[in-house]
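Down below is the structure, laid out as structure tokens.
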Amino acid sequence: MRASRVLFSSLSGKTALFEEVVRDVQSHNPDSIVMGADCNPDCPGASEVEYFINMPRLDKLSDKDLLHFCIENKITHVLPTRDGELNFWATKRDLLANIGVTPWVSGGSFLKSCENKMDFFQKWKDSVIPAIPTFDKLIPSMSNSWVVKERKGSASRKIGLKLSAERAIQMAKDLIDPIFQPFIPGKEFSAETWVNHRNQCHGVLLRWRDKVVDGESHHTTVFRNSTWEAKLKKVFEHQIGALGHCLAQVLVDANGGLNLIEINPRLGGASPLAFRAGLHSIKWHLMEEDNQFDQVNQSPVFTSGLYLKKEGDKVSFGP
């Protein structure tokens, strides 16, 4: 069992997440290390982590330079943490395999389906938890209240909520490629999991999004609901191509129905709580690679009641 050198890309200020990844990696092999990387040498996390690498911008990195960078730093695995880099690492999977480097990222077609909200609706509209109806043109007769978003990218950016049809059409003019969804009032929760190479989901951790800032949970609490967990397992396995840590956003409407908002095939801002509660996705990656797959619990029990609070740059856990 060799020691790993994991590149934690797009470090920025994700020090709480970085620390949990380090614990997971070293619980598998104490001699392994995790290196934080960012194209900004002055990013908030640079001075907070034990190992930091100033990495070139991905759009400026040739294949030759990428291989040199990985070889020079003896990287064995890459853990992308930002939406905008997932496709890059997915397209470099075969190239990096030639030098023994494994990027922990879902397949390209799965990533594109999650990124494009119209495509996402088409792919998940018939899943056990259906995706919220999504249109490229507003249909006034369908709803009195609307949500307007960009077709691609994070749903929290440039979003209009609970808009009249007239206001929604007006806001759409300020977007690059708008889509429309009927506004559904309710309460949101997140679901996190780890998907292995066989497209099997290992445990589903649920957490209420008690306080959300710019699309990220700043106060979130783990809870259990076995019925919802079983449904989310089928949602994550609904389309092939998912791999590794994935999270979904789900809306509970006034009638108790579940509505799928999106799937993010990566770690999230509140994922440190998932590690604390027992979802050891990075350790499970390494165990699977070391042929210890039979030791990975397919139905782990997560600790209910744990919470994460984020205030400024400070992240705290309880109780």
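Just checking, which of Leu206, Leu247, Leu243 is surrounded by 19 or more Cβ atoms within 10 Å (Cβ to Cβ) and out of contact with any Phe, Trp or Tyr (no Cβ under 9 Å at 6 or more places or on another chain)?
Details: Leu206 fails: out of contact with any Phe, Trp or Tyr (no Cβ under 9 Å at 6 or more places or on another chain); Leu243 fails: out of contact with any Phe, Trp or Tyr (no Cβ under 9 Å at 6 or more places or on another chain).
Leu247 is the lone residue from the list that is surrounded by 19 or more Cβ atoms within 10 Å (Cβ to Cβ) and out of contact with any Phe, Trp or Tyr (no Cβ under 9 Å at 6 or more places or on another chain).
When both residues are 6+ apart or on different chains and their Cβ atoms are under 6 Å apart, which pairs have a first residue that lies in the stretch 138-149 and is farther than 10 Å from Ala168 by Cβ, and a second that is small (Gly, Ala, Ser)?
Note: pairs meeting the criteria are Lys149/Ala155.
Going by the conditions given, is Gly256 exposed (fewer than 15 other Cβ atoms within 10 Å of the Cβ), of a type in the set (Gly, Ala, Ser) and touching a Phe, Trp or Tyr at 6+ places or on another chain (Cβ under 6 Å)? Step through it out loud before you land on a result.
Values: exposed (fewer than 15 other Cβ atoms within 10 Å of the Cβ): yes; of a type in the set (Gly, Ala, Ser): yes; touching a Phe, Trp or Tyr at 6+ places or on another chain (Cβ under 6 Å): no.
Answer is no for this residue.
For Gly241, state whether it is modelled with pLDDT of 95 or more and either under 26 Å from Lys123 (Cβ atoms) or not acidic (Asp, Glu) (or both).
Values: modelled with pLDDT of 95 or more: yes; either under 26 Å from Lys123 (Cβ atoms) or not acidic (Asp, Glu) (or both): yes.
In short, yes.
Kindly establish whether Gly305 is in contact (Cβ under 8 Å) with a residue 12 or more places away in the chain and touching a Pro at 6+ places or on another chain (Cβ under 9 Å).
Details: in contact (Cβ under 8 Å) with a residue 12 or more places away in the chain: yes; touching a Pro at 6+ places or on another chain (Cβ under 9 Å): yes.
Judged against the criteria, Gly305 is a match.
In the stretch 49-68, what residues are surrounded by 13 or more Cβ atoms within 10 Å (Cβ to Cβ), over 23 Å from Ala3 (Cα atoms) and in contact (Cβ under 8 Å) with a residue 12 or more places away in the chain?
Scanning the stretch 49-68 gives Pro56, Leu58.
Please indicate, with yes or no, whether at least one residue in the stretch 74-81 is surrounded by fewer than 17 Cβ atoms within 10 Å (Cβ to Cβ) and either outside any loop (DSSP other than H, G, I, E, B) or touching a Pro at 6+ places or on another chain (Cβ under 8 Å) (or both).
Kept after step one, since they are surrounded by fewer than 17 Cβ atoms within 10 Å (Cβ to Cβ), are these residues of the stretch 74-81: 74.
Retained after the next criterion (residues that are either outside any loop (DSSP other than H, G, I, E, B) or touching a Pro at 6+ places or on another chain (Cβ under 8 Å) (or both)): none.
No.
Among the numbered conditions (1) of a type outside the set (S, T, N, Q); (2) out of contact with any Pro (no Cβ under 8 Å at 6 or more places or on another chain); (3) at pLDDT below 95; (4) closer than 28 Å to Val128 by Cβ, tell me where His202 comes up short.
So the condition that His202 fails would be (2).
If Asn199 meets every condition in (1) part of a helix (DSSP H, G or I); (2) among the polar types (S, T, N, Q); (3) in the same structural domain as Leu258 (by TED's automatic domain parsing) apart from one, which number is that one?
The number of the failed condition is (1).
Are there any strands (runs of 3 or more DSSP E) wholly within the stretch 230-319 with 3 or more residues that are farther than 27 Å from Ile184 by Cα, and if so which?
Working: elements: 244-253, 258-264, 307-311, 314-318.
By residue number, 314-318.
Restricting to the stretch 1-32, give me the number of residues that are within 14 Å of Val78 (Cβ to Cβ), outside any helix (DSSP H, G or I) and aliphatic (A, V, I, L, M).
3
Select from the stretch 146-162 the residues that are exposed (fewer than 15 other Cβ atoms within 10 Å of the Cβ) and either of a type in the set (D, E, K, R) or at pLDDT 95 or above (or both) and list them in ascending order.
Correct list: Arg157, Lys162.
Would you mind telling me which numbered condition in (1) in contact (Cβ under 8 Å) with a residue 60 or more places away in the chain; (2) in a strand (DSSP E or B) Ser109 fails?
Answer for Ser109: the failing condition is (2).
The values are calculated or read from the model by the stated rules, or taken from the named source; none is laboratory data. Note that the structure is predicted; figures quoted are calculated from it, not measured. All Cβ positions, glycine included, derive from the backbone under ideal geometry; neighbour counts span all protein chains shown.
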